[in-house]
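J.: Mind looking over this structure? Questions follow.
The values are calculated or read from the model by the stated rules, or taken from the named source; none is laboratory data. Quantities reported herein were computed from a predicted structural model and do not represent experimental measurements. Neighbour counts run over all protein chains shown; Cβ positions are idealised from the backbone, glycine included.
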Amino acid sequence: MARTVSFRFARSAAVLAMAASMCLVASAQRSSGDPQAAVNAAYQQFKGLTEGKNADYIPVLAKVDPNLFGIALITADGKTYTAGDVKTEVSIQSVSKVFTMARVIEDEGPEAIEKRIGVDATGMKFNSIVAVEMAQKIQGGPEMNALVNPGAITATSMVRGNTSDAVWQRIITTYNDFAGRPLHVLEDVYKSESDTNQRNQAIGMLMYAYGYIKDKPAQATDLYTRQCSVGVNANDLATMAATLAFGGRNPMTGKQVIKSENVPYVLAVMATAGLYDDSGKWLYHTGLPAKSGVGGGIIAVSPGKFGIAVVSPPLDEAGNSVRAQRAIQEISNALNGNPYAAREEAVATTGR
Ligand code: DON
């Protein structure tokens with residue numbers, strides 16, 4: 001009897017081991033899987049998805065073609081995998097906040113951002129004024145971060161330069177280096193947002209009143225508006241994401257854009273607050289530091305593996321592109337992009 005039991009046990013253990021090794025092979029095939037196949041599959045799966053709505057509080061954004069849909073993924077060796085329209089430009093909007101924050105971290109050190117603005121999620125909308133009030137020590141609320149409007153306008157005010165032009169050159173040169181090509185402001189977007197950004201002007205003044213912004217708050221809000229109006233396509237955004245994925249080195253141009261030791265600080269804030277009040281949900285499902293913009297772009301970074309970007313203007317309630325979230329999640333999971341997931345090799349080595 002005991003022999004039969006142990007034989008049965010041995011046999012089922014062998015079957016289990018075989019099944020486990022088949023799973024390992026299958027998932028190893030998936031992880032080393034074909035990025036182009038994953039990109040194509042997501043494009044096909046989501047191109048008919050019509051949920052969400054273009055942003056319209058910046059009037060010109062309502063006129064952008066809601067059918068625009070492009071996916072680009074870039075690996076360490078600069079290989080680019082695309083589907084759909086990766087050439088048409090949209091305004092970078094809040095995705096810009098990542099790269100201005102990166103500039104400030106690079107020039108002033110990571111503690112400058114941490115001390116002046118904070119690195120915590122507000123749990124509130126990206127242009128919340130209540131979040132500013134709550135961040136006052138006496139209120140006992142959480143700090144802010146450089147990816148919501150009050151923190152982003154403050155970060156812009158921290159970029160070096162004696163004149164508005166000098167600050168702007170420093171900002172746009174940083175974006176160009178991340179994208180690997182010269183980018184330009186979409187003047188119609190800049191005008192439309194400048195005409196309607198009274199709330200951001202108020203936020204800039206409030207941040208000045210509370211001492212976060214030290215000088216020239218109107219200039220900071222204006223330059224912030226200008227940085228949000230820079231035109232980018234899915235390829236540009238993927239290159240910017242890939243530069244963060246590969247230690248601050250642009251895999252297309254080979255240029256070291258920011259020091260590798262500064263990259264984890266940038267990624268940490270993206271993970272904490274990149275998709276605003278939905279950042280936790282996003283991280284739960286993907287594990288990827290990411291950033292969205294109301295122009296319809298989202299970038300995401302799988303450190304050491306790939307940078308990915310999707311452009312699709314219709315947004316959900318939180319202000320994040322519906323198709324971009326779905327496509328990135330699908331592609332990253334197909335390629336084992338989640339940095340928190342146990343690697344097959346580690347599982348195989350420990351034998352568990
Ligand atoms: O300040 C604004 O309202 C826009 N320029 C940017 C907002 C944005 O992209 C938030 N994104 N989800």
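J.: Restricting to the stretch 89-106, give me the number of residues that are aliphatic (A, V, I, L, M) and within 13 Å of the ligand (Cβ to nearest atom).
T.: 4
J.: Another question about this same structure. Output yes when any residue across the stretch 193-203 is hydrophobic (A, V, I, L, M, F, W, C), more than 21 Å from ALA309 (Cβ to Cβ), surrounded by fewer than 20 Cβ atoms within 10 Å (Cβ to Cβ) and in contact (Cβ under 8 Å) with a residue 24 or more places away in the chain, and no when none is.
T.: So far as the stretch 193-203 goes, yes, one or more of its residues are hydrophobic (A, V, I, L, M, F, W, C), more than 21 Å from ALA309 (Cβ to Cβ), surrounded by fewer than 20 Cβ atoms within 10 Å (Cβ to Cβ) and in contact (Cβ under 8 Å) with a residue 24 or more places away in the chain.
J.: Kindly indicate the residue of the stretch 52-87 that is part of a loop (DSSP other than H, G, I, E, B) and of a type in the set (Phe, Trp, Tyr) and also surrounded by the fewest Cβ atoms within 10 Å (Cβ to Cβ) among those meeting that condition.
T.: Across the stretch 52-87, the extreme among qualifying residues is TYR57.
J.: I'd like the full set of residues that are outside any helix (DSSP H, G or I) and within 13 Å of the ligand (Cβ to nearest atom), limited to the stretch 181-210. Can you show your working first?
T.: First, the residues of the stretch 181-210 that are outside any helix (DSSP H, G or I): 181-186, 197, 210.
Residues satisfying the conditions are VAL185, LEU186, ASN197.
J.: On the basis of being of a type in the set (A, V, I, L, M) and either at pLDDT 95 or above or in contact with a Gly (Cβ under 6 Å, 6 or more places away or on another chain) (or both), does ALA121 make the cut? Steps first, answer last, please.
T.: Details: of a type in the set (A, V, I, L, M): yes; either at pLDDT 95 or above or in contact with a Gly (Cβ under 6 Å, 6 or more places away or on another chain) (or both): no.
The answer is no for ALA121.
J.: Quick check on GLN227: is it crowded, with 16+ Cβ neighbours inside 10 Å and either within 12 Å of the ligand (Cβ to nearest atom) or not polar (S, T, N, Q) (or both)?
T.: yes
J.: Output the residue which, of all residues in the stretch 39-50 that are exposed (fewer than 14 other Cβ atoms within 10 Å of the Cβ) and outside any helix (DSSP H, G or I), is nearest to the ligand (Cβ to nearest atom).
T.: Ranking the qualifying residues of the stretch 39-50, first place goes to THR50.
J.: Any residue at all in the stretch 144-153 that's in contact with a Phe, Trp or Tyr (Cβ under 7 Å, 6 or more places away or on another chain), within 16 Å of the ligand (Cβ to nearest atom) and not in a helix (DSSP H, G or I)?
T.: So far as the stretch 144-153 goes, yes, one or more of its residues are in contact with a Phe, Trp or Tyr (Cβ under 7 Å, 6 or more places away or on another chain), within 16 Å of the ligand (Cβ to nearest atom) and not in a helix (DSSP H, G or I).
J.: Among the residues of the stretch 154-180, what is the count of those that are assigned to a loop (DSSP other than H, G, I, E, B), farther than 18 Å from THR225 by Cβ and without any contact (Cβ under 8 Å) to a residue 60 or more places away in the chain?
T.: Going through the stretch 154-180 one residue at a time, the tally reaches 2.
J.: Hey, could you check the stretch 166-192 for residues that are of a type in the set (S, T, N, Q) and out of contact with any Pro (no Cβ under 9 Å at 6 or more places or on another chain) and say which is surrounded by the most Cβ atoms within 10 Å (Cβ to Cβ)?
T.: Only one residue fits best here, namely THR174.
J.: Which one of SER302, SER321 is surrounded by 18 or more Cβ atoms within 10 Å (Cβ to Cβ), within 16 Å of the ligand (Cβ to nearest atom), of a type in the set (Gly, Ala, Ser) and touching a residue at least 40 places away in the same chain (Cβ under 8 Å)?
T.: SER321
J.: Please work out which residue is nearest to the ligand (Cβ to nearest atom), limiting yourself to the stretch 51-67 and to residues that are over 19 Å from the mean Cα position of the chain (by Cα) and of a type in the set (A, V, I, L, M).
T.: ILE58
J.: Right, next: Yes or no: ALA273 farther than 20 Å from ASN235 by Cα and either surrounded by fewer than 23 Cβ atoms within 10 Å (Cβ to Cβ) or aromatic (Phe, Trp, Tyr) (or both)? Steps first, please.
T.: On the way: farther than 20 Å from ASN235 by Cα: yes; either surrounded by fewer than 23 Cβ atoms within 10 Å (Cβ to Cβ) or aromatic (Phe, Trp, Tyr) (or both): no.
Judged against the criteria, ALA273 is not a match.
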